[in-house]
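Asks: Pasting a structure below so you can have a look.
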Amino acid sequence: LPNIQKYSYMMPDAHQGYGMSVGGVAAFPVEDGIISPGMTGFDINCLTGDAEVLSHEGYNIKIKDLERDFQKKNVAVMALEKKDITDAGLLLFMKKKDDVFEVTTKAGDKIKASVDHPFLTRRGMISLKNLKEIDEIAMYPFKGVAYEAPDEIMIVEEKEIEKAIEELGIEVNKEIIIKELKKRELFPLKATSPKLPVLLKLLGFITGDGSASCSRKNVSINFYAEPKNLEIIKQDIERVGYCGSNIYARERDHKINTNYGKVEFHFKETSISTRTKSFAILMKAIGLPFRNKTKQYFRVPKYMFLLPLWLKRVYIAAYF
């Protein structure tokens, strides 16, 4: 490579790349710098295009169907250091022609892959060609539901915001609220909006295990869950452009009169809240019941019945 200082040094994990090794280190003069594809590597361990991957939103999609807009999608991945499922964005879509082999488990699952594709086993990550019949392959049990592109359905526009403000009785400037929502790419809100799945998840959870209250001056949306789940909820609130509070804990003593006598128990309640008016108004507009849920009539929002199954699943899963 032009201006390389002596040599490229190969590190222990080095392997073939374009122009120099991946896992290589080289020095170049600061004055001249370097812009070169020569230090780009490749490491493609293939699954076939028909292989299904799981998204963060709980739908599955074939790899070949990701090619057109993969940068807009997130997929669920196993974070080995945490031993937990997390989501990750996609940076590249790469293809190659290669021989394909099929692995069949005793449970009947079949996976088609190239010989260098790694599988998680009790021995660690093992490539297909080095798998043994006695190896157990890690399988994630939830496959999700098939992806289907939503129709261009309008869910929230100006009239829904006006109605939500009126029903809540909050003193706000409608134009400022809409400006706040537009800044976060939440208005107008359509079935195709990238942030709708997260909003539906939050809507389902609050409807089930949350509460929403308001006065003329203030709003409060509260989430009650175990601390681990509250951290996930905080991440989802951030994904739509808002902030959740720190986790709040308090000891509660309960006494409930039932047909079978008085029930008494002690409980440590943990929760987070968000008090942003534009978020509360948007949640009201998409169907969140405010104030005492047990003393009012409300339904699943009508637009929900027009959405594809995977979006319905997001709402229902969070609700339950």
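Asks: For the chain, calculate the relative contact order in percent as a whole number, restricting contacts to Cα pairs under 8 Å that are 6 or more residues apart. Spell out each step's value before the answer.
Replies: Numbers: 507 pairs, mean separation 44.1, N = 320.
Normalised by residue count, the contact order of the chain is 14 percent.
Asks: Taking every Cα atom in the range 186-238, find the radius of gyration and the maximum pairwise distance Dmax, and write them in Å.
Replies: Cα only, the range 186-238: 12.5, 33 Å (Rg, Dmax).
Asks: Could you order Ser273, Ser245 so the one with the most accessible surface comes first? Probe is 1.4 Å. All intermediate terms of the calculation are to be shown ahead of the outcome.
Replies: Details: Ser273 15, Ser245 35 Å².
So the residues, ranked largest to smallest area, are Ser245, Ser273.
Asks: Okay, moving on. Over the range 70-149, with the other protein chains present, what is the accessible area per residue in square angstrom, probe 1.4 angstrom? Walk me through the numbers before you get to the answer.
Replies: Details: 6320 Å² over 80 residues.
Roughly 79 Å² per residue, with all protein chains present.
Asks: Leaving ligands, DNA and RNA out of it, report the carbon-plus-sulfur percent of the accessible area of the chain at a 1.4 Å probe.
Replies: 52
Asks: To the nearest 500 deg cm²/dmol, what mean residue ellipticity at 222 nm is calculated for the chain from DSSP H runs of n ≥ 4 alone, each contributing -39,500 (n - 2.57), summed and divided by the residues?
Replies: Per the formula, -6500 deg cm²/dmol.
Asks: A further question on this structure: Computed on alpha carbon atoms, what radius of gyration and Dmax characterise the range 258-320, expressed in Å?
Replies: Gyration radius and largest Cα-Cα distance of the range 258-320: 16.4, 45 Å.
Asks: At 1.567 mPa s and 4 °C, plugging the Kirkwood radius over alpha-carbon pairs of the range 105-241 into Stokes-Einstein gives what diffusion coefficient in µm²/s?
Replies: Estimated via Stokes-Einstein, D reaches 67 µm²/s.
Asks: Please state the relative contact order of the range 135-229 as a whole percent: Cα pairs under 8 Å, 6+ residues apart? Present the calculation step by step, with values, prior to reporting the outcome.
Replies: Details: 76 pairs, mean separation 25.3, N = 95.
Across the range 135-229, relative contact order equals 27 percent.
Asks: Would you mind working out the magnitude of the charge dipole of the chain relative to its Cα centre, with +1 at each Lys and Arg C-beta and -1 at each Asp and Glu C-beta, to the nearest 20 Debye?
Replies: Computed about the Cα centre, the dipole is about 1120 debye.
Asks: Something else about it: In square angstrom, rounded to the nearest 10, how much accessible surface does Val25 have for a 1.4 Å probe?
Replies: 80
Asks: Counting only heavy atoms of protein chains, what accessible area per residue, in Å², does the range 217-304 have with a probe of 1.4 Å?
Replies: 64
Asks: Rounded to the nearest Å, what's the spacing between the alpha carbon centres of the range 66-143 and the range 220-250? Just the number, please.
Replies: Computed from Cα coordinates, the inter-centre distance equals 32 Å.
Asks: For Glu158, Glu175, write out the residues from largest to smallest accessible area, computed with a 1.4 angstrom probe and no ligands counted.
Replies: Reading off the accessible areas and sorting them downward yields Glu175, Glu158.
Asks: Running a GNM on the chain with Cα contacts under 10 Å, which residue among Asn222, Asn74, Asn259 ends up with the highest mean-square fluctuation?
Replies: Sorting by GNM fluctuation, first place goes to Asn259.
Asks: Using only Cα atoms, what is the ratio of the radius of gyration of the range 170-280 to 2.2 N^0.38 Å?
Replies: 1.28
Asks: When the Cα atoms of the range 1-121 are enclosed in a convex hull and the volume is divided per residue, what value in Å³ results?
Replies: 174
Asks: Among the GluC sites (Glu not before Pro) within the range 199-267, which fall in a DSSP loop and have no more than 10 other Cβ atoms within 10 Å of their own Cβ?
Replies: The qualifying sites: there are none.
Asks: State the volume of the convex hull built on the alpha-carbon positions of the chain, expressed per residue in Å³ and rounded to an integer. List each step's numbers first, then the result.
Replies: Values: hull volume 76.4 nm³, N = 320.
Spread over its residues, the Cα hull of the chain gives 239 Å³ apiece.
The values are calculated or read from the model by the stated rules, or taken from the named source; none is laboratory data. Source: prediction; values computed, not measured. Because the Cβ atoms are built from the backbone with ideal geometry, glycine has one as well, and the counts that use them run over all protein chains shown. For accessibility, only protein heavy atoms count, side chains too; no ligands or nucleic acids. Shrake-Rupley method; radii C 1.70, N 1.55, O 1.52, S 1.80 Å.
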